[in-house]
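Okay, structure first, notes after.
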Amino acid sequence: MSQPWILITGNGGFGDTAERADLRYPVNPSSELAAELDGETVAGHLLVGRSLAWHRHPAEALAPILDEAGTPPAVILSTGVFSGRSTVSIERIAANVQDFQFADDDGYRPAGDPVYTDGPTAYLATVPIKAITHAIRERGIPALLSNSASTHGCNAVMYTALHLVAERGLGSRAGFIHLPDTPGHVASLGSNGPSMDLRLQAEAVRIAAAAAIANPDGDLDAPANEWEW
């Protein structure tokens, strides 16, 4: 790819076997977001939006995207939905553990398995998480820095992206953004849970991409002002 680029990923549908209806997503809104952003330009970088369809491991989907690109992306921003969270959440840590809340269609349900057997215990995001959080807030969109990406598929995606970058020496910076439910999903549940319009979520990701490019050498020397146990 000749133009500098940023990879934006969303996850596929999940939760067919989940007991809780709020965890069932036949269509994952993060993939809709990635498709909406695909082809846009932010801070001189082409946004390449891709939905990650994988069965047992995120590398099944993520590695081919990096292989086919030729040149590595400047930034990888992966996204996923987190039912029940009311704000855009910028993740700090990806843990090398998979402890899934429910099994997939084939009955596969990791219970404490590593994402990579040869990987470190955890990776810290390499995008400027505080700069991103503050930039999103300054545009009037609720955002928090989060210290847990959970132990399900989203954490596995974040860990895999950081591991592939480190293993291959790509030089890309990577991070993960959890997004609230969409109003349509909450409405379909008859729920009073939090939601955020997909267009507002997309704007938050655009802002995050611009903040990552604007802070190539470090992060803000400021507290994120969060209070997460």
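The values are calculated or read from the model by the stated rules, or taken from the named source; none is laboratory data. Since the model is a prediction, treat every value here as computed from it, not as a measurement. Neighbour counts are summed over all protein chains in view; Cβ atoms, including those assigned to glycine, are modelled from backbone coordinates with ideal geometry.
Summary table below
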read-out: Single residue of segment 195-227 satisfying the filter (exposed (fewer than 15 other Cβ atoms within 10 Å of the Cβ) and of a type in the set (Gly, Ala, Ser)) that is modelled with the lowest pLDDT; value: 222
read-out: Any pair with Cβ under 6 angstrom, 6 or more apart, that starts in segment 135-147 at a residue that is under 14 Å from residue 177 (Cα atoms) and touching a residue at least 60 places away in the same chain (Cβ under 8 Å) and ends at one that is part of a helix (DSSP H, G or I) and among the β-branched types (Val, Ile, Thr); value: 135/207; 136/207; 143/133; 143/136; 145/129; 145/133
read-out: Residue that is surrounded by the most Cβ atoms within 10 Å (Cβ to Cβ), among those in segment 161-194 that are part of a loop (DSSP other than H, G, I, E, B) and in contact with a Pro (Cβ under 8 Å, 6 or more places away or on another chain); value: 180
read-out: Single residue of segment 33-53 satisfying the filter (surrounded by fewer than 18 Cβ atoms within 10 Å (Cβ to Cβ) and not in a strand (DSSP E or B)) that is modelled with the lowest pLDDT; value: 53
read-out: Segment 137-160 - residue that is assigned to a loop (DSSP other than H, G, I, E, B) and of a type in the set (A, V, I, L, M, F, W, C) and, of those, farthest from residue 74 (Cα to Cα); value: 141
